[in-house]
Amino acid sequence: MLLTGGTGGAKLVLGFHEEAAAEDLVVVCNTADDSVVHGLHVSPDVDTIVYTLAGLIDPAKGWGVRDDTFTVLDQLKRLGNETWFRLGDRDIATHLTRTRLLSEGQPLSRVTAALCRALGVRSTVLPMTDQRVETRLATPDGEISFQEYFVKARWQPEVLSLRYQGIEESRPAPGMLEAIAGAALVVVCPSNPATSIGPILAVPGVRQALRDTPARVVAVSPMVQGRSFSGPAHKLMVTLGVEASVTGLAEAYRDFVDVLLIDTEDRHLRPAIERLGVRVLVTSIRMDTLEDKKRLARELLNPSI
Ligand code: FO1
(Lines give C-alpha, C1' and ligand atoms only; values in the text may rest on other atoms or scores of the structure.)
Protein backbone atom coordinates (compact mmCIF):
# COMPACT_ATOMS: atom_id res chain seq x y z
CA MET A 1 0.00 0.00 0.00
CA LEU A 2 1.04 3.58 -0.60
CA LEU A 3 0.40 6.84 1.26
CA THR A 4 0.49 9.81 -1.07
CA GLY A 5 -0.30 13.41 -1.93
CA GLY A 6 -0.70 14.59 -5.52
CA THR A 7 1.78 14.97 -8.36
CA GLY A 8 5.07 13.74 -6.78
CA GLY A 9 3.53 10.68 -5.20
CA ALA A 10 1.53 9.87 -8.33
CA LYS A 11 4.77 9.20 -10.23
CA LEU A 12 5.66 6.39 -7.84
CA VAL A 13 2.07 5.13 -7.76
CA LEU A 14 2.28 4.78 -11.55
CA GLY A 15 5.53 2.84 -11.22
CA PHE A 16 3.84 0.41 -8.82
CA HIS A 17 0.82 0.15 -11.10
CA GLU A 18 3.13 -0.93 -13.92
CA GLU A 19 5.14 -3.38 -11.82
CA ALA A 20 2.50 -5.01 -9.58
CA ALA A 21 -1.02 -6.36 -10.04
CA ALA A 22 -3.41 -3.39 -10.08
CA GLU A 23 -5.83 -5.22 -7.72
CA ASP A 24 -3.10 -5.53 -5.08
CA LEU A 25 -2.53 -1.78 -4.79
CA VAL A 26 -4.17 0.25 -2.05
CA VAL A 27 -3.45 3.96 -2.33
CA VAL A 28 -4.34 6.26 0.56
CA CYS A 29 -4.62 9.91 -0.51
CA ASN A 30 -4.39 13.17 1.38
CA THR A 31 -7.67 15.08 1.39
CA ALA A 32 -6.59 18.15 3.39
CA ASP A 33 -6.04 20.03 0.07
CA ASP A 34 -9.71 19.55 -0.85
CA SER A 35 -11.57 22.73 -1.73
CA VAL A 36 -15.03 23.85 -2.67
CA VAL A 37 -14.63 25.67 -6.01
CA HIS A 38 -17.66 27.19 -7.80
CA GLY A 39 -19.77 25.15 -5.38
CA LEU A 40 -18.08 21.88 -6.39
CA HIS A 41 -16.13 19.56 -4.09
CA VAL A 42 -12.65 19.23 -5.61
CA SER A 43 -10.37 16.54 -4.21
CA PRO A 44 -7.09 17.23 -6.05
CA ASP A 45 -4.88 14.47 -4.63
CA VAL A 46 -7.56 11.79 -4.96
CA ASP A 47 -8.21 12.90 -8.54
CA THR A 48 -4.52 13.01 -9.44
CA ILE A 49 -4.19 9.39 -8.32
CA VAL A 50 -7.45 8.23 -9.94
CA TYR A 51 -6.58 9.94 -13.25
CA THR A 52 -3.06 8.49 -13.12
CA LEU A 53 -4.35 4.95 -12.58
CA ALA A 54 -7.01 5.44 -15.27
CA GLY A 55 -4.43 6.65 -17.80
CA LEU A 56 -6.18 10.03 -18.00
CA ILE A 57 -3.71 12.31 -16.23
CA ASP A 58 -2.31 15.33 -18.03
CA PRO A 59 1.36 14.30 -18.22
CA ALA A 60 2.71 17.83 -18.63
CA LYS A 61 0.95 19.38 -15.62
CA GLY A 62 0.77 16.26 -13.44
CA TRP A 63 -2.83 17.10 -12.49
CA GLY A 64 -6.14 17.36 -14.36
CA VAL A 65 -7.27 15.41 -17.42
CA ARG A 66 -5.09 15.18 -20.53
CA ASP A 67 -6.28 17.16 -23.58
CA ASP A 68 -8.97 18.81 -21.46
CA THR A 69 -10.71 21.97 -22.66
CA PHE A 70 -11.58 25.04 -20.59
CA THR A 71 -14.87 26.24 -22.08
CA VAL A 72 -16.70 26.26 -18.74
CA LEU A 73 -13.84 28.10 -17.05
CA ASP A 74 -13.80 30.76 -19.78
CA GLN A 75 -17.52 31.33 -19.33
CA LEU A 76 -17.17 31.39 -15.52
CA LYS A 77 -14.59 34.15 -15.99
CA ARG A 78 -16.93 36.08 -18.28
CA LEU A 79 -19.59 35.86 -15.59
CA GLY A 80 -17.23 37.50 -13.11
CA ASN A 81 -15.94 34.47 -11.20
CA GLU A 82 -12.37 34.05 -9.98
CA THR A 83 -10.63 31.50 -12.20
CA TRP A 84 -7.11 31.20 -10.78
CA PHE A 85 -7.88 27.56 -9.93
CA ARG A 86 -8.06 26.04 -13.39
CA LEU A 87 -10.74 23.39 -13.73
CA GLY A 88 -11.00 21.72 -17.13
CA ASP A 89 -14.32 20.65 -18.63
CA ARG A 90 -13.81 16.90 -18.19
CA ASP A 91 -12.39 17.46 -14.71
CA ILE A 92 -15.53 19.44 -13.84
CA ALA A 93 -17.59 16.35 -14.73
CA THR A 94 -15.74 14.49 -11.94
CA HIS A 95 -16.44 17.29 -9.44
CA LEU A 96 -20.11 17.51 -10.46
CA THR A 97 -20.49 13.76 -9.92
CA ARG A 98 -18.63 13.82 -6.59
CA THR A 99 -20.61 16.82 -5.32
CA ARG A 100 -23.94 15.20 -6.25
CA LEU A 101 -23.08 11.87 -4.60
CA LEU A 102 -21.83 13.64 -1.45
CA SER A 103 -24.99 15.75 -1.31
CA GLU A 104 -27.02 12.52 -1.54
CA GLY A 105 -25.28 11.43 1.67
CA GLN A 106 -22.59 9.08 0.36
CA PRO A 107 -19.21 9.27 2.14
CA LEU A 108 -16.14 10.38 0.15
CA SER A 109 -14.64 6.87 0.27
CA ARG A 110 -17.72 5.38 -1.42
CA VAL A 111 -17.84 8.23 -3.94
CA THR A 112 -14.16 7.66 -4.76
CA ALA A 113 -14.80 3.92 -5.25
CA ALA A 114 -17.67 4.76 -7.62
CA LEU A 115 -15.46 7.14 -9.64
CA CYS A 116 -12.74 4.46 -9.81
CA ARG A 117 -15.23 1.86 -11.04
CA ALA A 118 -16.58 4.22 -13.68
CA LEU A 119 -13.09 5.06 -14.94
CA GLY A 120 -11.87 1.45 -14.97
CA VAL A 121 -9.44 1.76 -12.04
CA ARG A 122 -8.93 -1.68 -10.49
CA SER A 123 -6.72 -0.58 -7.56
CA THR A 124 -8.25 0.63 -4.29
CA VAL A 125 -8.04 4.40 -3.84
CA LEU A 126 -8.93 5.57 -0.34
CA PRO A 127 -9.27 9.16 0.82
CA MET A 128 -7.52 9.39 4.21
CA THR A 129 -10.84 10.16 5.90
CA ASP A 130 -14.50 10.68 5.10
CA GLN A 131 -14.58 13.74 7.36
CA ARG A 132 -13.74 17.24 6.17
CA VAL A 133 -10.14 18.20 7.03
CA GLU A 134 -8.51 21.36 5.67
CA THR A 135 -4.91 22.53 5.83
CA ARG A 136 -4.87 26.19 6.92
CA LEU A 137 -1.68 28.23 6.64
CA ALA A 138 -1.03 31.30 8.79
CA THR A 139 0.76 34.05 6.83
CA PRO A 140 1.60 37.64 7.86
CA ASP A 141 -1.59 38.69 5.98
CA GLY A 142 -3.86 36.16 7.67
CA GLU A 143 -4.86 32.52 7.35
CA ILE A 144 -5.34 30.99 3.89
CA SER A 145 -6.25 27.59 2.43
CA PHE A 146 -3.70 25.31 0.81
CA GLN A 147 -4.91 26.07 -2.74
CA GLU A 148 -4.80 29.83 -2.06
CA TYR A 149 -1.20 29.39 -0.89
CA PHE A 150 -0.08 26.89 -3.52
CA VAL A 151 -1.91 27.99 -6.68
CA LYS A 152 -3.08 31.58 -6.17
CA ALA A 153 -0.01 32.87 -4.30
CA ARG A 154 2.44 30.40 -5.97
CA TRP A 155 3.80 29.39 -2.52
CA GLN A 156 5.51 32.76 -2.05
CA PRO A 157 3.99 33.98 1.26
CA GLU A 158 5.89 33.37 4.45
CA VAL A 159 4.14 30.64 6.41
CA LEU A 160 4.21 31.21 10.16
CA SER A 161 2.38 28.03 11.13
CA LEU A 162 -0.04 25.51 9.71
CA ARG A 163 -2.84 23.37 11.07
CA TYR A 164 -5.17 20.67 9.83
CA GLN A 165 -8.62 22.01 10.63
CA GLY A 166 -11.03 19.23 11.62
CA ILE A 167 -8.33 16.58 12.13
CA GLU A 168 -9.28 15.75 15.75
CA GLU A 169 -12.80 14.78 14.72
CA SER A 170 -11.65 12.80 11.68
CA ARG A 171 -11.51 9.00 11.51
CA PRO A 172 -9.49 6.86 9.11
CA ALA A 173 -11.47 5.93 5.99
CA PRO A 174 -13.16 2.52 6.21
CA GLY A 175 -10.64 -0.25 5.54
CA MET A 176 -7.57 1.96 5.91
CA LEU A 177 -6.27 0.68 9.26
CA GLU A 178 -6.94 -2.91 8.16
CA ALA A 179 -5.01 -2.25 4.93
CA ILE A 180 -2.04 -0.89 6.91
CA ALA A 181 -2.08 -3.88 9.29
CA GLY A 182 -2.38 -6.43 6.48
CA ALA A 183 -0.07 -4.87 3.88
CA ALA A 184 2.95 -6.69 2.50
CA LEU A 185 4.73 -3.34 2.18
CA VAL A 186 3.84 0.24 3.13
CA VAL A 187 5.39 3.01 1.01
CA VAL A 188 5.34 6.65 2.06
CA CYS A 189 5.50 8.41 -1.31
CA PRO A 190 7.79 11.36 -2.11
CA SER A 191 5.09 13.87 -1.24
CA ASN A 192 5.17 17.01 0.90
CA PRO A 193 5.74 15.89 4.53
CA ALA A 194 3.91 18.97 5.87
CA THR A 195 0.84 19.24 3.66
CA SER A 196 0.43 15.81 2.00
CA ILE A 197 1.81 13.08 4.29
CA GLY A 198 1.42 15.16 7.50
CA PRO A 199 -2.40 15.23 7.36
CA ILE A 200 -2.61 11.47 6.67
CA LEU A 201 -0.36 10.75 9.67
CA ALA A 202 -2.42 13.11 11.84
CA VAL A 203 -5.72 11.26 11.31
CA PRO A 204 -6.22 9.69 14.75
CA GLY A 205 -4.97 6.10 14.80
CA VAL A 206 -2.98 6.16 11.56
CA ARG A 207 0.47 6.86 12.95
CA GLN A 208 0.04 4.17 15.60
CA ALA A 209 -1.14 1.69 12.94
CA LEU A 210 2.05 2.40 10.97
CA ARG A 211 4.18 1.80 14.07
CA ASP A 212 2.32 -1.44 14.80
CA THR A 213 2.13 -2.98 11.32
CA PRO A 214 4.33 -6.04 10.75
CA ALA A 215 4.87 -4.73 7.19
CA ARG A 216 8.08 -2.97 6.27
CA VAL A 217 7.46 0.77 6.09
CA VAL A 218 9.62 2.53 3.52
CA ALA A 219 9.62 6.28 2.81
CA VAL A 220 10.93 7.82 -0.39
CA SER A 221 12.46 11.27 0.01
CA PRO A 222 10.71 14.12 -1.84
CA MET A 223 13.92 16.16 -1.85
CA VAL A 224 17.53 16.25 -2.96
CA GLN A 225 20.17 18.43 -1.31
CA GLY A 226 17.58 20.20 0.85
CA ARG A 227 15.26 21.17 -2.01
CA SER A 228 12.04 19.49 -3.05
CA PHE A 229 11.70 18.32 -6.65
CA SER A 230 8.70 20.60 -7.03
CA GLY A 231 6.66 22.69 -4.66
CA PRO A 232 7.26 24.10 -1.21
CA ALA A 233 8.04 20.96 0.85
CA HIS A 234 11.42 22.26 1.99
CA LYS A 235 9.96 25.62 3.06
CA LEU A 236 7.07 24.06 4.97
CA MET A 237 9.30 21.55 6.77
CA VAL A 238 11.02 24.53 8.37
CA THR A 239 7.59 25.85 9.42
CA LEU A 240 7.02 22.52 11.19
CA GLY A 241 10.33 22.95 13.02
CA VAL A 242 12.10 20.24 11.02
CA GLU A 243 15.37 20.73 9.11
CA ALA A 244 14.78 20.91 5.33
CA SER A 245 16.88 17.86 4.49
CA VAL A 246 16.62 14.09 4.34
CA THR A 247 17.95 14.05 7.91
CA GLY A 248 15.02 16.27 8.97
CA LEU A 249 12.71 13.91 7.10
CA ALA A 250 14.15 10.93 8.96
CA GLU A 251 13.61 12.74 12.27
CA ALA A 252 9.98 13.42 11.34
CA TYR A 253 9.30 9.81 10.29
CA ARG A 254 11.66 7.81 12.53
CA ASP A 255 8.97 6.48 14.87
CA PHE A 256 7.23 4.48 12.14
CA VAL A 257 9.58 4.21 9.15
CA ASP A 258 12.02 1.29 8.81
CA VAL A 259 13.82 2.39 5.65
CA LEU A 260 14.37 5.77 3.98
CA LEU A 261 15.27 5.98 0.29
CA ILE A 262 17.52 8.94 -0.42
CA ASP A 263 19.16 10.17 -3.59
CA THR A 264 22.79 9.45 -4.43
CA GLU A 265 23.48 13.20 -4.14
CA ASP A 266 22.53 12.96 -0.44
CA ARG A 267 24.57 9.83 0.28
CA HIS A 268 26.90 11.70 2.68
CA LEU A 269 23.90 12.08 5.04
CA ARG A 270 23.51 8.32 5.41
CA PRO A 271 25.46 7.97 8.71
CA ALA A 272 23.49 10.81 10.38
CA ILE A 273 20.19 9.20 9.37
CA GLU A 274 21.25 5.73 10.47
CA ARG A 275 22.20 7.15 13.88
CA LEU A 276 18.47 8.01 14.19
CA GLY A 277 17.67 4.31 13.85
CA VAL A 278 16.38 4.54 10.26
CA ARG A 279 17.96 2.25 7.67
CA VAL A 280 19.02 4.07 4.48
CA LEU A 281 18.92 2.98 0.89
CA VAL A 282 20.82 5.16 -1.56
CA THR A 283 19.58 5.20 -5.14
CA SER A 284 18.50 7.59 -7.87
CA ILE A 285 15.10 8.86 -6.74
CA ARG A 286 14.43 11.18 -9.69
CA MET A 287 11.36 10.02 -11.63
CA ASP A 288 11.49 11.89 -14.93
CA THR A 289 10.64 8.95 -17.19
CA LEU A 290 8.28 5.98 -16.95
CA GLU A 291 11.35 3.73 -16.75
CA ASP A 292 12.58 5.71 -13.65
CA LYS A 293 9.17 5.20 -11.98
CA LYS A 294 9.13 1.48 -12.74
CA ARG A 295 12.72 0.97 -11.61
CA LEU A 296 12.07 2.68 -8.28
CA ALA A 297 8.93 0.57 -7.75
CA ARG A 298 10.93 -2.59 -8.55
CA GLU A 299 13.60 -1.60 -6.02
CA LEU A 300 10.93 -1.09 -3.37
CA LEU A 301 9.19 -4.37 -4.21
CA ASN A 302 12.45 -6.29 -3.82
CA PRO A 303 11.94 -8.30 -0.61
CA SER A 304 15.62 -7.93 0.31
CA ILE A 305 15.54 -4.15 0.84
N1 FO1 B 1 -2.36 23.33 -9.69
C2 FO1 B 1 -1.95 24.51 -10.18
O3 FO1 B 1 -0.78 24.85 -10.05
N4 FO1 B 1 -2.84 25.38 -10.80
C5 FO1 B 1 -4.14 25.06 -10.96
O6 FO1 B 1 -4.90 25.86 -11.53
C7 FO1 B 1 -4.59 23.78 -10.50
C8 FO1 B 1 -5.89 23.34 -10.68
C9 FO1 B 1 -6.25 22.04 -10.29
C10 FO1 B 1 -7.54 21.55 -10.57
C11 FO1 B 1 -7.88 20.25 -10.19
C12 FO1 B 1 -6.94 19.44 -9.56
O13 FO1 B 1 -7.28 18.19 -9.20
C14 FO1 B 1 -5.67 19.91 -9.28
C15 FO1 B 1 -5.31 21.21 -9.63
N16 FO1 B 1 -4.03 21.71 -9.39
C17 FO1 B 1 -3.65 22.94 -9.85
C18 FO1 B 1 -3.07 20.90 -8.66
C19 FO1 B 1 -3.27 20.97 -7.13
O20 FO1 B 1 -3.22 22.27 -6.65
C21 FO1 B 1 -2.16 20.14 -6.48
O22 FO1 B 1 -2.08 18.91 -7.15
C23 FO1 B 1 -2.33 19.64 -5.12
O24 FO1 B 1 -3.34 20.15 -4.35
C25 FO1 B 1 -0.99 19.53 -4.39
O26 FO1 B 1 -0.88 18.24 -3.92
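The values are calculated or read from the model by the stated rules, or taken from the named source; none is laboratory data. Given the structure is predicted, the values throughout are model-derived calculations rather than measurements. So basically every Cβ, Gly included, is an ideal-geometry build from the backbone, and we count neighbours across all protein chains shown. Ligands, DNA and RNA are excluded from the accessible area calculation, which covers all protein heavy atoms including side chains. Shrake-Rupley method; radii C 1.70, N 1.55, O 1.52, S 1.80 Å.
Observations, loosely collected:
- Residues that are more than 13 Å from the ligand (Cβ to nearest atom) and more than 25 Å from the chain's Cα centre (by Cα), drawn from the range 78-102: R78, L79, G80, N81
- The strands (runs of 3 or more DSSP E) falling completely within the range 207-305 include none with 1 or more residues that are among the small types (G, A, S) and assigned by TED's automatic domain parsing to the domain that holds F16.
- Hits in the range 154-166 - residues which are over 12 Å from P140 (Cβ atoms) and surrounded by 12 or more Cβ atoms within 10 Å (Cβ to Cβ): W155, L162, R163, Y164, Q165, G166
- Number of the exception - T247 against (1) over 18 Å from the mean Cα position of the chain (by Cα); (2) surrounded by fewer than 20 Cβ atoms within 10 Å (Cβ to Cβ); (3) not charged (D, E, K, R): (2)
- Counted as qualifying within the range 102-147 are the strands (runs of 3 or more DSSP E) with 1 or more residues that are modelled with pLDDT of 95 or more and over 27 Å from L14 (Cα atoms), namely 134-139, 142-145.
- Which listed residue, of P204, P190, is in a loop (DSSP other than H, G, I, E, B) and open to solvent by less than 20 Å² (accessible area, probe 1.4 Å): P190
- Candidates are the residues of the range 58-77 that are more than 13 Å from the ligand (Cβ to nearest atom) and of a type in the set (V, I, T); the one that is most open to solvent (accessible area, probe 1.4 Å) is T71.
- Restricting A21, A10 to residues that are near the ligand (Cβ under 10 Å from one of its atoms) and either aliphatic (A, V, I, L, M) or out of contact with any helix residue (DSSP H, G or I) (no Cβ under 8 Å at 6 or more places or on another chain) (or both) narrows the list to A10.
- Within the range 232-241, the residues that satisfy the criterion of being touching a residue at least 12 places away in the same chain (Cβ under 8 Å), of a type outside the set (A, V, I, L, M, F, W, C) and open to solvent by 10 Å² or more (accessible area, probe 1.4 Å) are K235, T239.
- Pair list, Cβ < 8 Å and 6+ apart or interchain, from the range 242-257 residues that are without any contact (Cβ under 8 Å) to a residue 24 or more places away in the chain to residues that are assigned to a loop (DSSP other than H, G, I, E, B) and not charged (D, E, K, R): A244/G226; G248/V242
- Among residues of the range 38-57 being within 12 Å of the ligand (Cβ to nearest atom) and open to solvent by 40 Å² or more (accessible area, probe 1.4 Å), the one that is nearest to A114 (Cα to Cα) is L56.
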